[in-house]
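What follows is one structure encoded as structure tokens, with my remarks underneath.
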Amino acid sequence: MARKRGGDEERDPTSGGKIAPGGRVDPRALQPTPASQETGEDLQTDTGEGDDDGIRRVTFTLTRDLNKRLDKYLTDRIAFMSRTQLARLVEMGEVTVNGRTPKPSTKLRLGDVVMVAVPPPPVREIQPEDIPLEALYEDAHLIVLNKRADIIVHPARTHQSGTMLNALAYHFQHRSPVGGGLSGVGDEFARPGVVHRLDRDTTGVIVFAKDDEAHWRLGWQFEKRQVEKRYLAVVEGDMPSDADVIDLPIGPSPSKVKGMREKMTVRHDELGKNAVTIYRVRERYEDFTLVELELKTGRTHQIRVHLSYLGCPIVGDDMYGGSNATLGRIARSASAEMVMSRQALHAATLGFTHPIRNEPMVFTAPVPGDMARLIHLLREHRSMGRAITLPGATVDLAQAVPPVS
């Protein structure tokens, strides 16, 4: 029973530990049982019928008039998620207030019922795993890698192992010529050392920080857009011009199809965020184009969404309309041999100022074998016979696209 005491309302403390002291959700106790505590709300969890992605439905019922913004309230209550992560949940429609989709700025009042689909917290301790890494550079402050396909950067939801962080933990213990470890920045979210990310099947240059000072200084460069990032992509169709600026806002897709939870789309409403991509055509083939892309912002799936919106999805990117590339498709033969079954997107170059020595650094990562083969096959079977030289294009194709045997 609830009873008044000193002007506040006290809840019967039968939560079973679901809410920790101070009103925060206990990340260890996201189980499908009801809970309550002395926090001004009730809490319940529900795994949801057929839900196999680790999501828990958490419900808060406000028993006091808190007069607080939704995003701030959630940050206070779900401490193992960052404010950006929680805002993303709101944008994706994974949060409701009284059964309706709110905005992050929605003010909460007495009696409001807030339901949140909460992913389980990632493991805090990164276990070392013997996973091969291709290091382009390493010193005492940072490490630059050429990321391979089919690996995620850090633990998330049901992927608690097999990540680049697990591989780095092993690398620093057994292979690093200089030793060390990852910075402590982001450790509370199981993301130590993570300055930026690449999608699971996107390959190429990525940098990790090995100490806190390097992390903060690198992060500042990314935030202030002082980092030079260039990508290569093979797209379907003919790009509408040799070079242009794509300035289209991006936000979460309203699609709730299973497996498409992370899908983004062009949105011209309050959920769309400014997104700018510059593209330059490097090579044209019959029905395909090799494109160099320069990011001016860093939205989720930005390149993939922008290219798809232009009607030129990335080869192999089935989420955004791309198709796999077989040898028969490229060479106009009957061969069903697979050439590219993932998105043909590669972070070719990354330039930044060394966070400690203040020296400019630029790294180029060669495309992996499947994408290199795709480009060479297009040159052989689909060439249109003209080289394209554009001002502002900086990726050295001779270095980025190695020969294939």
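The residues on offer are GLY272, GLY321, and the sole one that is among the small types (Gly, Ala, Ser), in the same structural domain as MET371 (by TED's automatic domain parsing) and touching a Ser or Thr at 6+ places or on another chain (Cβ under 7 Å) is GLY321. Filtered by the rule that a residue be of a type in the set (A, V, I, L, M, F, W, C) and either assigned by TED's automatic domain parsing to the domain that holds ASP269 or modelled with pLDDT of 85 or more (or both), the range 61-89 gives LEU62, LEU70, LEU74. Looking at this structure, is VAL245 in a strand (DSSP E or B), surrounded by fewer than 18 Cβ atoms within 10 Å (Cβ to Cβ) and modelled with pLDDT of 90 or more? So VAL245 fits the description; yes. When the range 280-321 is examined, which residues are found to be of a type in the set (A, V, I, L, M, F, W, C) and either part of a helix (DSSP H, G or I) or modelled with pLDDT under 95 (or both)? LEU295, ILE303, VAL305, LEU307, MET319, listed by residue number. If only residues of the range 220-233 that are modelled with pLDDT of 90 or more and either under 15 Å from the mean Cα position of the chain (by Cα) or not hydroxyl-bearing (Ser, Thr, Tyr) (or both) are counted, the one that is surrounded by the most Cβ atoms within 10 Å (Cβ to Cβ) is ALA233. Is it the case, given these coordinates, that THR277 is in contact with a His (Cβ under 8 Å, 6 or more places away or on another chain) and part of a strand (DSSP E or B)? It is true that THR277 is in contact with a His (Cβ under 8 Å, 6 or more places away or on another chain) and part of a strand (DSSP E or B). Put simply, of LEU145, LEU198, LEU218 the only residue that is assigned to a loop (DSSP other than H, G, I, E, B) and closer than 20 Å to VAL362 by Cα is LEU198. Inside the range 280-339, residues that are more than 25 Å from the chain's Cα centre (by Cα) and among the acidic types (Asp, Glu) make up a count of 4.
The values are calculated or read from the model by the stated rules, or taken from the named source; none is laboratory data. In this text, all values refer to a predicted model and were calculated from it rather than measured experimentally. When we count neighbours, we look across all protein chains shown, and the Cβ atoms used for this are built from the backbone with ideal geometry, even at glycine.
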